[in-house]
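The structure under discussion appears below in the form of structure tokens.
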Amino acid sequence: MAVKPVLLTFVAHALAVAAAAMVLVWCIHFRGGFAWKGSNKTLIFNNHPVLMLIGFIIIGGEAAMAYKSLPLRKEVQKVVHLTLHAVALALGIVGIYAVFKFHDESHITNLYSLHSWFGLGIIVLYAIQWIFGFVMFFWPGGGKALKNDSRPWHVLFGTFLFTLAVGNSTLGFLEKLTFLEMSGVARHGSEAYLVNFTAIAAVLYGAFVLLTLVSSTDQVTAIDKP
Ligand code: HEM
Ligand code: HEM
């Protein structure tokens, strides 16, 4: 693609800031903030959307774009890529732990929704993808041929998982907003708009991450190549 990848990453970064700010305003201003212990269990839940959107999706997206967004040597980009993916995975696990904790302490059953089934599947596959990537491309590292053969699968599977995660976050926003609307939050109120716009910003961020990934760092197009 003719557009420089780094320009696409700037749009992605801006959308990430917008989505992160909106989810924080929602959870702090409208939902009362965060807690890990205490009698108000919904404050334990509030950790979940923030950790999943900022920790898992945004940091995971930045990790995926590292080869295109950072003007650094390939070896350095690789370390940033694997480190940011590890951070995203860790924050995603803590975010999921938070919602299990909220359910257990509020005597709500676990894993009853499509969102939760996809969510658990995504985090398990993400961990497998990370371990496989580490072993194949970093340490101890596969042979040259094996690396070349597995790279397209790594890129395809990683891109697929990131896309699923973005989609699944919209299911989460929809589910939580539906619960809130059933307990009195106005359907056309400012909170409802904020939650929907947060999900839209997350999807647009996902779109610009994907555009960055399909854009080529090679300024010579395939047609020009001999
Ligand atoms: C890709 C990101 C996300 C993943 C992987 C994920 C994963 C999960 C998982 C595994 C559960 C089940 C916990 C249990 O059964 O105890 C869950 C619950 C929940 N999540 Fe998410 N989540 C994500 C993003 C979000 C976001 C952004 C929201 C927005 C509010 C959200 C809202 C909810 C709600 C309301 C529940 C409780 C109801 C249910 O179990 O479906 N999630 N999530
Ligand atoms: C869940 C974790 C991971 C995900 C979702 C993921 C995803 C991706 C994606 C989407 C790309 C394409 C990047 C681009 O085209 O610019 C990629 C490339 C790559 N990743 Fe990962 N990755 C993960 C973990 C790892 C780990 C732990 C390593 C270990 C070093 C690694 C090494 C690589 C390498 C070598 C490339 C090829 C870069 C190139 O030559 O263009 N990845 N990964």
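No lab work stands behind these numbers, since they all come straight from the coordinates. Values in this document were obtained by computation on a predicted structure and should not be read as measured data. In this analysis, Cβ positions are derived from the backbone assuming ideal geometry, glycine residues included, and neighbour counts consider all displayed protein chains.
Between 0 and 90 degrees, rounded to the nearest ten: what's the tilt of helix 5-25 against the longest Cα principal axis of the chain?
10 degrees
Compute the long axis of helix 74-105 from its Cα atoms, compare it with the longest principal axis of the Cα atoms of the chain, and write down the angle in degrees, 0 to 90, nearest 10.
Taking Cα atoms only, the helix is inclined about 20 degrees.
Using the alpha carbon gyration tensor of the range 1-67, what are the three equivalent-ellipsoid semi-axes (square root of 5 times each eigenvalue), largest first, in whole Å?
32, 12, 5
What distance in nm separates the simple spin-label points at residue 80 and residue 151, each placed 7 Å from Cα in the Cβ direction?
Roughly 1.9 nm, to one decimal.
So for the range 44-166, taking the charge dipole from beta-carbon charges (+1 Lys/Arg, -1 Asp/Glu), which of 94, 140, 129 sits furthest toward the positive end?
Toward the positive end, the furthest listed residue is 140.
What is the percent of Cα-Cα separations in the chain that go past 24 Å?
47 percent
For 128, 96, which order do you get if you count the other beta carbons within 10 Å of each Cβ and list the fewest first?
128, 96
Under Stokes-Einstein, with the Kirkwood radius over Cα pairs standing in for Rh, what whole-number D in µm²/s applies to the range 95-204 at 37 °C and 0.692 mPa s?
199 µm²/s
In whole Å, what are the Cα extents of the range 20-109 along the three principal axes, biggest one first?
Cα extents, longest axis first: 50, 25, 18 Å.
Could you name the lysines whose alpha carbon sits less than 20 Å from that of residue 144, not counting residues in the same chain fewer than 8 places away?
74, 78
Below 8 Å between Cα atoms, with a sequence gap of 6+, how large is the relative contact order for the range 73-226 in percent?
Value for the range 73-226: 19 percent.
Only helical DSSP H runs with n ≥ 4 go in: add -39500 (n - 2.57) per run for the chain, normalise by residue count and round the 222 nm mean residue ellipticity to 500 deg cm²/dmol.
Taken over the chain, the calculation gives -24500 deg cm²/dmol.
On a full-extension model of 0.36 nm per residue, what is the gain between residue 124 and residue 30, subtracting their alpha-carbon distance, rounded to one decimal in nm?
30.7 nm
Which of 22, 52, 182 has the fewest other C-beta atoms within 10 Å, and how do the rest follow up to the most?
Fewest-to-most Cβ neighbours within 10 Å comes out as 182, 22, 52.
Where the convex hull is taken over the Cα atoms of the range 69-159, what is its projected area averaged over directions, in nm²?
Here the figure is 7.3 nm², rounded to one decimal.
Among 170-180, 139-149, 205-215, 54-64, how do they line up by average Cβ neighbours within 10 Å per residue, starting with the highest?
Highest mean packing first, the order is 54-64, 205-215, 170-180, 139-149.
Could you tell me how many degrees, from 0 to 90 and to the nearest 10, lie between the Cα long axis of helix 190-214 and the main elongation axis, the longest principal axis, of the Cα atoms of the chain?
Once rounded, the angle reads 10 degrees.
Mind giving me the FRET efficiency for residue 73 and residue 137? R0 is 22 Å, r the Cβ-Cβ distance, nearest 0.05 is fine.
The value I calculate is 0.90.
Once all Cα-Cα distances of the range 142-223 are split into 10 Å bins that start at 0, what whole-number percent is in each one?
15, 30, 25, 16, 10, 5
Can you order the peptides 160-168, 71-79 by their average number of other Cβ atoms within 10 Å per residue, highest first?
160-168, 71-79
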